[in-house]
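Can you keep this structure in mind? I'll have questions shortly.
The values are calculated or read from the model by the stated rules, or taken from the named source; none is laboratory data. What you see is a predicted model, and the numbers here were worked out from it, not measured in a lab. Counting neighbours? That spans all protein chains shown, and the Cβs are built from the backbone with ideal geometry, glycine included. In case anyone asks, the SASA skips ligands and DNA or RNA and just uses the protein heavy atoms, side chains included. Shrake-Rupley method; radii C 1.70, N 1.55, O 1.52, S 1.80 Å.
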Amino acid sequence: MPPNSSSAAIYSTTKTNSSSTSLHLHPFSFLWLLLFIVSIQVTILLMARAVPFYNHRSHLPNPVSYPCSSGRIFVYNLPPVFNQELLDNCHELDPWNSRCEALSNGGLGRKATGLSGVVPEELIPAWYWTDQFAMEVIYHKRILNHKCRTMEPDSATAFYIPFYAGLAVGKYLWSNYTTKDRDRYCEMILDWVRDQPYWNRSDGWDHFTTMGRITWDFRRSKNEDWGSRCIYMPGMRNITRLLIERNPWDYFDVGVPYPSGFHPRSDSDIFQWQHFVRNRQRDTLFCFAGAPRGAVKNDFRGLLLNQCMNASGLCRVVDCAGTRCSNGTSAILETFLDSDFCLQPRGDSFTRRSIFDCMVAGSIPVFFWHRTAYLQYQWFLPNDPKSYSVFIHRNEVKNGTSIQSVLQRYSREEVKKMREKVIEFIPKIIYAKPENGLESIKDAFDVAIDGVLKRNKEHEQPGYKWK
């Protein structure tokens, strides 16, 4: 056999044997490879369990498991002269009457009377004749028990100044008090707060306070004008201010609901009240609770009263001359409960507490000024004004437009839909009774605090100037 033939035979034999051996070993090699890969994976998993793992959710906690994801609140412990002493001397806060009863029960005031047969019996304990200027006391008591309060200022997102500005200035707005009298308390608190290191750190941008009156009571520009000049004082400029009426063109003014009389004790109270007003039989098209201002030329309220009295039984009037309707009465509540619509002209200022008394009763508000609600309470009311209210420009009424005719154009289905929107937002415009709030429903206080924390987070973003 030629040499190259022998070599070819040997090569062929070796190749065949090698191929045969390879085929026999392949399953075992694959098994070992599989075991090797699995062992590596198990090792990696064991190592991972021993090392802290940070993912996207660790930076954005679930609000259910971490309710303070927007930050925490530090409450300043002010000298008593700025809050508690004002309450202790409540009989001196008004030049005509004691304010002690109005500020009792943590700002809720005296328990409501005369409601038997007007509201469900089991809900009567949730009703108080709350003073419209008691907001500072209500907020202070609630915030001391807030779940996101911190005792460590270094961990705070927001700093609350529990100064009762409205109570402090109240009695000085009348009689012969001087501008120095009206400004004294505000000058004192700003001197105090400017000495605090956390105020100086941000120049007040992360601070907020409650001022339980309308903004115009704190915006005196000239000595002969009304009110205090508190908001115009150095130091107050960057502080967020919660007020029952805001200046729509001032970013730091935030309008919050006037306190009304319903203070639910639980989620159940809310649900029961919503069911009650939803199913209430209403036999009146519209109503008006108020009084004419005889001293005011071309008084708009007088026009509303005339239209109401000429509405052939389709409108009810509650005469609020003098102090007859001060802080609510059973007659006002019953009238709102019986009416589809309630007329809401401006009060002494652009807003009035009656807006919230009306809506809590499930009645649909009729506005004549945009600044009465639409430019005031954006955190608390539906985004679409037409979904829950009617707007008739005041000039149309002055020129003879019939309010009755406008309201009668709404079908029963449209009225039902608007009322349902009002009822949906009732929790956001009331202040609950428990110091810790309700179980799962957020009330006006919760909405306000959430809003403050959110805007403070926004202040940390690029584009905001801290100095």
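Out of the residues in the stretch 345-372 that are within 22 Å of Trp216 (Cα to Cα) and among the polar types (S, T, N, Q), which is modelled with the lowest pLDDT?
If we take residues in the stretch 345-372 being within 22 Å of Trp216 (Cα to Cα) and among the polar types (S, T, N, Q), then Ser349 is modelled with the lowest pLDDT.
Of these, Gly166, Gly114, which one is in contact (Cβ under 8 Å) with a residue 12 or more places away in the chain, touching a helix residue (DSSP H, G or I) at 6+ places or on another chain (Cβ under 9 Å), of a type in the set (Gly, Ala, Ser) and open to solvent by 40 Å² or more (accessible area, probe 1.4 Å)?
Only one candidate qualifies: Gly114.
Being over 21 Å from the mean Cα position of the chain (by Cα) and either part of a loop (DSSP other than H, G, I, E, B) or outside the structural domain of Cys358 (by the TED database) (or both) narrows it down to one residue among Arg237, Arg265; which is it?
Just a single option satisfies the conditions, and that option is Arg237.
A further question follows. Could we say that Asn223 is touching a helix residue (DSSP H, G or I) at 6+ places or on another chain (Cβ under 7 Å) and either more than 30 Å from Ala112 (Cα to Cα) or among the hydroxyl-bearing types (Ser, Thr, Tyr) (or both) here?
For Asn223, the condition - touching a helix residue (DSSP H, G or I) at 6+ places or on another chain (Cβ under 7 Å) and either more than 30 Å from Ala112 (Cα to Cα) or among the hydroxyl-bearing types (Ser, Thr, Tyr) (or both) - is met.
Among the listed residues Asp195, Asp250, Asp217, identify the single one that is among the acidic types (Asp, Glu) and buried (at least 23 other Cβ atoms within 10 Å of the Cβ).
Exactly one of Asp195, Asp250, Asp217 is among the acidic types (Asp, Glu) and buried (at least 23 other Cβ atoms within 10 Å of the Cβ), namely Asp217.
Another question, if that's okay. Touching a residue at least 12 places away in the same chain (Cβ under 8 Å) and not assigned by the TED database to the domain that holds Arg394, is that true of Phe252?
So Phe252 passes the test.
Grab the helices (runs of 4 or more DSSP H) fully contained in the stretch 373-467, keeping just those with 3 or more residues being crowded, with 19+ Cβ neighbours inside 10 Å and at pLDDT 95 or above.
Passing ranges, in order: 412-424, 444-459.
A further question follows. Pairs needed: first member in the stretch 180-208, closer than 13 Å to Arg237 by Cα; second member anywhere, acidic (Asp, Glu) and surrounded by fewer than 20 Cβ atoms within 10 Å (Cβ to Cβ); C-beta distance under 9 Å; at least 6 residues apart or different chains.
Asp206/Glu460
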